[in-house]
Amino acid sequence: MINKNQKKILASNFIALSVLQSANYLLPLLTIPYLARVLEPDYFGLVAFSTAMTMYFMIITDYGFNLSATRQISLCRDDEEKLSDIFSSVMIIKGCLMLFCLSLLLLIVFSFDMFSQHWELYVASFGMVVGQVLFPIWLFQGMERMRYIAYLNLFSKMFFTLCIFIFVKEKSDYLLVPLLTSLGYMFAGIWSLYFVSKEFNVVFSLQDRHMLKFQLLEGWHVFVSGLAVSLYTVSSIFVLGVFTNSVTVGNFAAAEKIIFALKGLFSPVSQAVYPFLSKAVHDDRSMGIGLIQGMAKFFGLGMFFISSSVFFLAEPIVLVVLGDQYRESILILKVLAFVPTLVVLSNIYGVQAMLNLGYQRDFSKIILKYGVLSILFFLIIVVPFKAVGVSAVILATELLITVSIYLFVKKHVLSK
C-alpha cells in the first residue's frame with residue numbers, strides 16, 4: 001500500500017507537474033482563439049508547419065531521457081556523485097544532438113525553396129529546441145521535487161504568452177509567435193539550471209565515452225518509440241504541408257491543438273507517477289501492477305467521457321474557440337475526438353507498465369511498426385481525402401497501438 005509520505009510526495013509532484021503542463025499545454029491553448037483569428041488559416045497553418053518541423057528536433061534532442069534518465073535518478077537520488085555523472089552525460093549528449101539538429105535545419109532551410117522563403121520562421125522556432133535541451137525536467141522528475149521549477153516555468157511562459165497578445169496584431173507579425181514562444185522556453189531552461197546547482201549540488205563535468213555510450217543505449221528504445229510516435233503525430237502536419245496548402249494545414253492544426261490540450265490533461269499524472277511506479281514495481285511487482293490497473297480504469301473512463309463530450313459538441317467548440325473561418329475543422333475534431341482516450345490507455349499500459357517492467361524493446365517495436373504503416377497510409381490518403389483522411393489514419397493508428405500494447409501486457413504481465 002502507498003504510505004502517507006508517498007501520497008504527500010505524489011500529490012506535491014502532481015500539483016507541480018500540473019502547473020508545468022499548464023505552461024506547456026494550456027497557455028498555448030489560450031492563444032489559439034486569438035491567433036486563429038489574427039493569422040487566419042493560411043498563416044496559422046504556416047506557423048503550425050514550422051512548429052511541427054521543430055517537434056522533430058525536440059524528439060531527437062530528448063532522446064528518451066525523460067524516461068530513461070528519470071528512472072536512473074529515481075533509483076540513486078541520494079548519491080550526489082552518481083547524480084552529477086548522469087546529469088553531465090545526458091546534457092553532453094543533448095547538447096551534441098542539438099548542434100546536429102541545428103546543422104540539419106540550416107541544410108534543409110537553405111537547400112529547398114519551400115523552406116528558404118520563410119527561413120526566419122524556422123530559425124526562430126528552433127529556440128524551443130534550445131530551451132528544451134537546457135531544461136532538465138527528467139532530473140526533477142527523478143528526484144520527485146518538481147515544485148522547484150514548475151512555478152518559474154509557468155511565470156516565464158505566462159509573460160511571453162502575454163507578449164503575444166500585446167505585440168501580435170496582424171498577419172505580418174507571425175514571426176513574433178515562434179520568437180516569443182522560444183524566449184519563454186529558453187528563459188525557463190536557463191533558470192532551471194540554476195536550481196539544479198543550488199538545490200541538488202549537481203556539478204557538471206566531462207564524462208568518458210563509456211558513460212556516454214551507456215546513456216545512449218539506455219535511452220535508445222524509448223527514443224525509437226518516441227520517433228515512431230512522431231511518424232503519425234508530428235508527420236501529419238508535415239505531410240499535409242507538403243501535399244496540400246497552408247489553409248488545409250491551418251484547419252487541421254487548429255483542431256489538433258484542441259486534441260493536444262486534452263492529451264496534456266493526463267501528462268502531469270503520467271510524469272508524476274512514472275518514477276513512483278518505477279520504484280514500486282522494483283520493490284513490489286504485484287502492488288505496482290495493481291496500481292497500474294487501477295489507473296487504467298479510472299483515467300480511461302474519465303478521458304472517455306471528455307472525448308465523448310468533444311465529439312458531440314465539436315461544432316460549438318470550433319465556432320467559439322476558432323471562429324467561423326474554421327468550419328472545416330469541425331469534422332476533423334470529430335474524427336480525432338477519441339484519440340486522447342486511446343493515448344491515455346496506451347500510456348498507462350505502455351509507458352507505465354511495459355517500460356517499468358523491462359519491456360522497452362517490445363514497446364518500441366509496437367510503436368515503430370504502426371508508425372511506419374501510418375506514414376504509408378498518409379501518403380496514400382492525403383491527396384484524395386486531405387485533412388479528414390489524415391485524421392482517420394491517426395485515429396486508426398492509435399487504436400491499433402493501444403490494442404496491441406494491451407494484448408501484450410495481458411499475455412506477459414497480467415496473466416502471470
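The values are calculated or read from the model by the stated rules, or taken from the named source; none is laboratory data. Everything quoted here is computed from the prediction, not taken from an experiment. Note: ideal-geometry Cβ built from the backbone for every residue, glycine included; neighbour counts use all protein chains shown.
Key figures for this structure:
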| read-out | value |
| --- | --- |
| Members of the stretch 284-304 found to be charged (D, E, K, R) and either closer than 12 Å to Gln352 by Cβ or in a helix (DSSP H, G or I) (or both), listed by number | Arg285, Lys297 |
| Residues being more than 26 Å from the chain's Cα centre (by Cα), not aliphatic (A, V, I, L, M) and not in a loop (DSSP other than H, G, I, E, B) - total across the stretch 305-323 | 3 |
| Filter pass, Phe260 being within 14 Å of the chain's Cα centre (by Cα), of a type outside the set (A, V, I, L, M) and surrounded by fewer than 21 Cβ atoms within 10 Å (Cβ to Cβ) | yes |
| Enumerated helices (runs of 4 or more DSSP H) restricted to the stretch 63-120, each holding at least 1 residues that are among the charged types (D, E, K, R) and surrounded by 14 or more Cβ atoms within 10 Å (Cβ to Cβ) | 65-75, 80-109 |
| Residue match in the stretch 376-393 (condition: within 22 Å of Phe238 (Cα to Cα), small (Gly, Ala, Ser), modelled with pLDDT of 90 or more and over 22 Å from the mean Cα position of the chain (by Cα)) | yes |
| Qualifying residue in the stretch 206-217 (condition: out of contact with any Ser or Thr (no Cβ under 7 Å at 6 or more places or on another chain), at pLDDT 85 or above and within 15 Å of Phe49 (Cβ to Cβ)) | no |
| Residue match in the stretch 167-185 (condition: touching a Ser or Thr at 6+ places or on another chain (Cβ under 6 Å) and within 27 Å of Asp42 (Cα to Cα)) | yes |
| Long-range neighbours under 8 Å by Cβ, at least six apart or interchain, first residue under 13 Å from Val129 (Cα atoms) and at pLDDT below 85 within the stretch 172-200, second of a type in the set (Ser, Thr, Tyr) and in a helix (DSSP H, G or I) | Gly184/Ser156; Gly184/Thr161; Ala188/Ser156 |
| Residue among Phe299, Phe252 that alone is over 23 Å from Ile137 (Cα atoms), of a type outside the set (A, V, I, L, M) and buried (at least 21 other Cβ atoms within 10 Å of the Cβ) | Phe252 |
| Meets criteria (within 23 Å of Phe311 (Cβ to Cβ) and either hydroxyl-bearing (Ser, Thr, Tyr) or in contact with a helix residue (DSSP H, G or I) (Cβ under 9 Å, 6 or more places away or on another chain) (or both)) for Ser329 | yes |
| Unique match (being aromatic (Phe, Trp, Tyr), touching a residue at least 40 places away in the same chain (Cβ under 8 Å), surrounded by fewer than 21 Cβ atoms within 10 Å (Cβ to Cβ) and out of contact with any strand residue (DSSP E or B) (no Cβ under 9 Å at 6 or more places or on another chain)) among Phe363, Phe338, Phe378, Phe385 | Phe338 |
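Condition check ((1) in contact with a Leu (Cβ under 6 Å, 6 or more places away or on another chain); (2) touching a residue at least 24 places away in the same chain (Cβ under 8 Å); (3) small (Gly, Ala, Ser)) across all residues:
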| site | (1), (2), (3) |
| --- | --- |
| Trp220 | no, yes, no |
| Ala228 | yes, yes, yes |
| Val234 | no, yes, no |
| Phe260 | no, yes, no |
| Tyr274 | no, yes, no |
| Ser278 | no, yes, yes |
